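Report on one structure; see the data block that follows.
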Amino acid sequence: MTSPTDPRPYSEQASQPTSAAPTTTVRAATEADIEAAAQILLDAFAQDPWTLGHIPAAAIGSPEAAQYQQRALREHGLAHQNIDVVVVTTGEGTGDDDGRIVGVAQWSPPLAPEQSQELEELFVSTHQLDAEQVAADHELVVAARPPEPHWHLEMLAVSPAAQGLGAGTQLLRHGLQRAAGTSVALESTTPASRRLYERHGFTLHQEVVDSRAVTQYAMWLRA
């Protein structure tokens, strides 16, 4: 039997490859992932309440901001933290999108060091912030974290291209499996992210209102 619009035998038509459904896989980030991971973080947090409440519009997404984010991931993230990326594949092994990074999560393990003073100063100058105000706000957030050694989810971001694929959930589950047996803390700034974390067992510990009246929801998952 042949198709009325295709003169080939039916057996030849049926053997033609079909588009594979995309799949996502989480793995540890490498040096080669830094540029893509930094851009995902910049894009995802460009409209975040903390960003809009603190950073001047001209500094959001600027080339200098991109350079800072890459340097911070490279010098602090890869050296002292756990950075996970989620990649999407079609199963066909071809095309520019195969193996493309679409999400990133940055975790600080228990007792990990803070960023160097040099990176902190670069963060402040790049984003045109007040150093004393940033330090005071940071102290408020840190004070709302668990007193015992814990993992801290610094950032989790997924590109629009991965919406609906469950990439954010994969990243979160991967990190929580690694932290099993240890408390985990994070700060949520949007209702959507807060709902995601609540679905995975996090509970609200404290609402932290900073110097610019931005609310961060300090959430804990106790061991």
Quiz item: Taking into account only those residues within the range 25-49 that are of a type in the set (S, T, N, Q) and at pLDDT 95 or above, which is farthest from Leu156 (Cα to Cα)?
Solution: Thr30
Self-check item: Verdict on Gln206 being free of Cβ contacts under 8 Å to residues at least 12 places away in the same chain and open to solvent by 30 Å² or more (accessible area, probe 1.4 Å)
Solution: no
Exercise. Within the range 213-223, count every residue that is over 14 Å from His152 (Cα atoms) and surrounded by 14 or more Cβ atoms within 10 Å (Cβ to Cβ).
Key: 3
Exercise. Among what's in the range 39-67 and is among the small types (Gly, Ala, Ser) and open to solvent by 50 Å² or more (accessible area, probe 1.4 Å), pick the residue that is nearest to Asp210 (Cα to Cα).
Key: Ala57
Quiz item: Any residue at all in the range 138-151 that is modelled with pLDDT of 95 or more, closer than 21 Å to Ala72 by Cα and β-branched (Val, Ile, Thr)?
Solution: yes
Practice problem: Inspect all residues belonging to the range 175-191 and state whether any of them is under 23 Å from Thr23 (Cα atoms), free of Cβ contacts under 8 Å to residues at least 40 places away in the same chain and surrounded by fewer than 14 Cβ atoms within 10 Å (Cβ to Cβ). | Solution: yes
Quiz item: When the range 105-119 is examined, which residues are found to be buried (at least 17 other Cβ atoms within 10 Å of the Cβ) and either assigned to a helix (DSSP H, G or I) or of a type in the set (Phe, Trp, Tyr) (or both)?
Solution: Trp107
Exercise. Select from the range 127-170 the residues that are charged (D, E, K, R) and part of a helix (DSSP H, G or I) and write down the one among them that is least open to solvent (accessible area, probe 1.4 Å).
Key: Asp137
Quiz item: Mind checking which residues of the range 195-223 are at pLDDT below 95 and under 19 Å from His150 (Cα atoms)?
Solution: Ala223
Quiz item: Among the residues of the range 178-185, is there at least one that is farther than 25 Å from His54 by Cβ, under 13 Å from the mean Cα position of the chain (by Cα), in a helix (DSSP H, G or I) and modelled with pLDDT of 95 or more?
Solution: no
Quiz item: Is there any pair linking a residue in the range 24-50 that is within 19 Å of Arg74 (Cβ to Cβ) to one that is charged (D, E, K, R) and in a helix (DSSP H, G or I), with Cβ under 8 Å and at least six apart or on different chains, and which?
Solution: Glu31/Arg74; Ile34/Arg74
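The values are calculated or read from the model by the stated rules, or taken from the named source; none is laboratory data. Worth saying up front: this structure is predicted, and the values here are computed from it rather than measured. Neighbour counts run over all protein chains shown; Cβ positions are idealised from the backbone, glycine included. Each accessible area value is taken on the protein alone, full model and side chains, heavy atoms only, with ligands, DNA and RNA left out. Shrake-Rupley method; radii C 1.70, N 1.55, O 1.52, S 1.80 Å.
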